[in-house]
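Please read the structure below before turning to the comments.
Bear in mind that the values in this text are calculations on the coordinates, not laboratory data. Being a predicted model, the structure only gives us computed values, none of them experimental. Neighbour counts run over all protein chains shown; Cβ positions are idealised from the backbone, glycine included.
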Amino acid sequence: MSSTESFNELPAHVWPRNAVRQEDGVVTIAGVPLPDLAEEFGTPLFVVDEDDFRSRCRDMADAFGGPDRVHYASKAFLCKTIANWVDEEGMSLDIASVNELGIALAAGFPAGRITAHGNNKDADFLRACVRSGVSHVVLDSAQELELLDYVAAGEAKVQDVLIRVKPGIEAHTHEFIATSHEDQKFGFSLASGSAFAAATAAVRAENLNLVGLHCHVGSQVFDAEGFKLAAERVLQLYSQIHAELGVALPELDLGGGYGIAYTADEEPLDVAAVARDLLTAVDRTAAELGITAPVVLVEPGRAIAGPSTVTVYEVGTIKDVSIEDGGTRRYVSVDGGMSDNIRPALYGSIYDARVVSRFVEGDPVASRVVGSHCESGDILINDENYPDDIRPGDLLALAATGAYCYAMSSRYNAFTRPAVVSVRAGTARLMLRRETLDDILALEV
Ligand code: LLP
């Protein structure tokens, strides 16, 4: 943070599209003051800008040629309201567990627009997919291929499937969220021939209908060349399948991964430009290989949900601590932490934090924003210069927390999960209520 004045600004490419700091210093989203929401629903609180979320759905749909080609990756954040928004936007949904499927179906999401993922789907999950009529099951292993064929036969159905392929691309992202290199658990290897063997088995299986291949290079990716390279490599396999099995696969699912800005000095990936480039590359490569270009599907999660949401905390204890170089570091504690946002602790992720209840004007001081959990690694913002007049009772919000924060939340220290509220046109709507001690005790037998 270069100056205190800039601390009061909200970087537009990081904060929700309808976030505004008013003249009195209070931040509103879609016309709803965040302090009012904190008062009504308590803190920590996730606040989702509905129009922001929907506008990013439309941006993706425009970029990739229609809403049905875009599967919102529900692992980023899913509840019934989100499933309804995605449905209303005409998009498809990617689910990666039997319970994500259950939430989608409970919301009335059409199964015919759901794609099912997972490296360890069991018979119950696969049966739920086949029974509900999901449009695609993405096969991740030879074992699953056989199991799904068996399950589909038992249901007297033929299930459309994609085969997940790892094209061997090193995505430049955190190791845990890169998924396309060889030495990891997902998919079939292109290089070793196991992907072609799986395609052959799927084409021969009586109760499976192979409609395409899938790959996902990783998450929070900024190097768009990775997507292109992956598509080009996977298309080689389309050509081999066409030549040797006589099958023209109509679809190519390129997964998600589009990077977003978490801080003022980051730039989000220009999805429209990347999509143009990618679709052109797919058409060109298909033409070179002499095959019909498949329809391209994508599965963005973070780029839709991430920027739509902020987490509002209340500041509690503030403590100045001497540090090695003789200086001090100010520890600003908030009333949540690694239970509602594990990403800084898990991946070293960085966030943009602002006081949202008033203007702050103090001099910059080396600060660390920490949560309320019983471990020193419970850090939300590791090292920033924040104004020295931040005080207990202020509301501090972290931006771009819509993806993989609530979704990865825990009950560590018996913390209850925060409420999630959506805002639109001056009105707030509770999407998920705050958990209570009774919810925790309800599990006891
Ligand atoms: N499709 C597949 C098959 C995936 O595995 C993923 C993410 C996506 C789509 C969506 O990727 P996105 O567009 O959201 O980048 N917990 C990590 C992210 C893990 C992503 C796992 N797979 C994080 O907090 O950064």
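Given the peptides 189-199, 292-302, arrange them by the average over their residues of other C-beta atoms within 10 Å, most packed first.
292-302, 189-199
Report, to the nearest 10°, how far helix 142-154 tilts away from the longest principal axis of the Cα atoms in the chain, using its own Cα long axis and a range of 0 to 90°.
Once rounded, the angle reads 70 degrees.
Only bridges whose two residues both fall in the stretch 1-129 count here: according to DSSP, what percent of them are antiparallel, nearest 5? All intermediate terms of the calculation are to be shown ahead of the outcome.
Working: 5 of 11 bridges.
For the stretch 1-129, the DSSP antiparallel bridge percentage is about 45.
Please list 369-376, 132-139 highest first by mean number of surrounding beta-carbon atoms within 10 Å per residue.
In decreasing order of mean packing, 369-376, 132-139 become 132-139, 369-376.
So if I place +1 on the C-beta of Lys and Arg and -1 on the C-beta of Asp and Glu, and nothing else carries charge, what would the dipole magnitude of the stretch 256-389 be about its Cα centre? I want it in debye, nearest 20.
380
Taking the Cβ of VAL151 as the centre, find all other residues whose Cβ is under 11 Å away and add up their charges (Lys, Arg: +1; Asp, Glu: -1).
Its environment carries a net charge of -2.
Taking 35 Å as R0, compute the FRET efficiency from the Cβ-Cβ separation of ARG429 and GLU155 and round it to 0.05.
Working: r = 38 Å, r/R0 = 1.08.
The formula returns an efficiency of 0.40 here.
What's the magnitude of the charge dipole for the chain around its Cα centre, counting Lys and Arg as +1 and Asp and Glu as -1 at the beta-carbon? Answer in Debye, nearest 20.
The dipole magnitude comes to about 1060 debye.
To the nearest 10 degrees, how steep is helix 123-132 against the longest Cα principal axis of the chain, on a 0 to 90 scale?
In the chain, helix 123-132 runs at an angle near 80 degrees to the longest axis.
For each of MET60, MET408, count neighbouring Cβ atoms within 10 Å of the residue's Cβ, then give the residues from fewest to most.
Placing the least packed residue first, the sequence is MET408, MET60.
Please go through the stretch 1-68 and write out the GluC sites (Glu not before Pro) that DSSP classes as loop and that have at most 10 other C-beta atoms within 10 Å.
Sparse-neighbourhood loop GluC sites (Glu not before Pro): GLU23.
If you take every residue apart from LEU297 with its C-beta less than 10 Å away from the C-beta of LEU297, what net charge results, scoring Lys and Arg +1 and Asp and Glu -1?
Neighbour charge sum, excluding LEU297 itself: -4.
Report the net charge of residues surrounding ASN119, where surrounding means a beta-carbon distance below 10 angstrom and charges are Lys +1, Arg +1, Asp -1, Glu -1.
Values: positive: LYS121, ARG164, LYS185; negative: ASP140, GLU144.
Spelling it out: positives minus negatives among the neighbours equals +1.
What does DSSP give for the stretch 50-306 in terms of the percent of beta bridges that are antiparallel, rounded to the nearest 5?
5
For helix 194-204, what angle does its Cα long axis make with the longest principal axis of the chain, in degrees from 0 to 90 and rounded to 10?
60
About its Cα centre, how strong a charge dipole does the stretch 50-306 have in debye, to the nearest 20, once Lys and Arg get +1 and Asp and Glu get -1 at the Cβ?
580
Would you please put 265-271, 25-31 in order of how densely packed they are, using the mean number of other Cβ atoms within 10 angstrom per residue and starting with the highest? Display every interim value, and only then the final one.
Working: 265-271: 15.3, 25-31: 20.3.
By packing density, highest mean first, the sequence is 25-31, 265-271.
For the stretch 400-431 and the stretch 307-375, write down the distance between their C-alpha centroids in whole Å.
For the stretch 400-431 versus the stretch 307-375, the Cα centre distance is 18 Å.
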